[in-house]
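> This structure is in structure tokens; I'll ask about it shortly.
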Amino acid sequence: MKVFAIGALLLSAVALTAPPKGDAERGRVAFQKCYACHDMAPDNDVAGPSLHAILGRPIAARPGYDYSPALRRLAKREGRWSEALLDRFVADPETVAPGTAMTFTGMRDPQERADLMAWLRQSAPRLDSTRPDE
Ligand code: HEC
């Protein structure tokens, strides 16, 4: 019984510390939540700025897109979209950039966000080659 309890404790510790592994196929589905306002095509700003090659991209830097002061402040503070920052922003935009114009309540599920990141990592270079069927 005691051994069992320790085993369960260890398991839950692992679950707490290991970041969830992302699945790009599920991430493609998760991105549907962003798609209402964002396109992945290089220059296509719609309600939100294009998310083309967003990982590592400078924050609030799409020329011609009218970013909120909140996002410009975030750009001064953080510079670029690291995966960790994007993860926090997507989880709760209002906390990371108070006053942001991105009226998205947040993707709270860490697994869903990990899937989204996996898809973003994979899809950005693919879109770079501008395949006509994308
Ligand atoms: C309801 C519309 C809407 C939805 C849904 C939405 N966004 Fe946004 N997003 C925006 C707007 C508007 C901005 C510009 C924010 C600002 O200027 O404060 C933005 C900005 C961003 C930026 C900053 C881009 C840059 O150029 O620095 C990222 C990254 C982003 N969104 C990611 C996402 C992701 C990922 C999702 C899905 C999980 C998502 N957004 C869902 C409207 C939306």
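> When the residues of the range 15-45 are narrowed to those that are loosely packed, with under 10 Cβ neighbours inside 10 Å and more than 16 Å from the ligand (Cβ to nearest atom), which ends up nearest to G64 (Cα to Cα)?
K21
> Next question, about the same structure. Working only within the range 51-74, note down all residues that are buried (at least 16 other Cβ atoms within 10 Å of the Cβ) and either over 13 Å from the mean Cα position of the chain (by Cα) or within 7 Å of the ligand (Cβ to nearest atom) (or both).
L51, I54, R57, I59, A60, R62, Y67, A70, L71, R73, L74
> Turning to a different aspect of this structure: Name the residues in the range 75-105 that are surrounded by 16 or more Cβ atoms within 10 Å (Cβ to Cβ), assigned to a loop (DSSP other than H, G, I, E, B) and free of Cβ contacts under 8 Å to residues at least 60 places away in the same chain, would you?
W81, A97, T100
> Something else: Can you tell me which residue among G7, G56 is touching a strand residue (DSSP E or B) at 6+ places or on another chain (Cβ under 8 Å), at pLDDT below 95 and of a type in the set (G, A, S)?
Selected residue: G56, the only one of G7, G56 that is touching a strand residue (DSSP E or B) at 6+ places or on another chain (Cβ under 8 Å), at pLDDT below 95 and of a type in the set (G, A, S).
> Then there is this: Can you run down the residue pairs with Cβ atoms below 6 Å, 6 or more apart or on separate chains, where the first is in the range 45-70 and on the phi > 0 side of the Ramachandran plot and the partner is basic (K, R) and in a loop (DSSP other than H, G, I, E, B)?
none
> To continue, here is another question. Tell me which of these R88 doesn't satisfy, since it passes every other one: (1) touching a Pro at 6+ places or on another chain (Cβ under 7 Å); (2) more than 10 Å from the ligand (Cβ to nearest atom).
Of the numbered conditions (1) touching a Pro at 6+ places or on another chain (Cβ under 7 Å); (2) more than 10 Å from the ligand (Cβ to nearest atom), the odd one out for R88 is (1).
The values are calculated or read from the model by the stated rules, or taken from the named source; none is laboratory data. A quick note: this is a predicted structure, and the numbers were derived from the prediction, not measured. For neighbour counting, all protein chains shown are included, and Cβ atoms are generated from backbone atoms with ideal geometry for every residue, glycine included.
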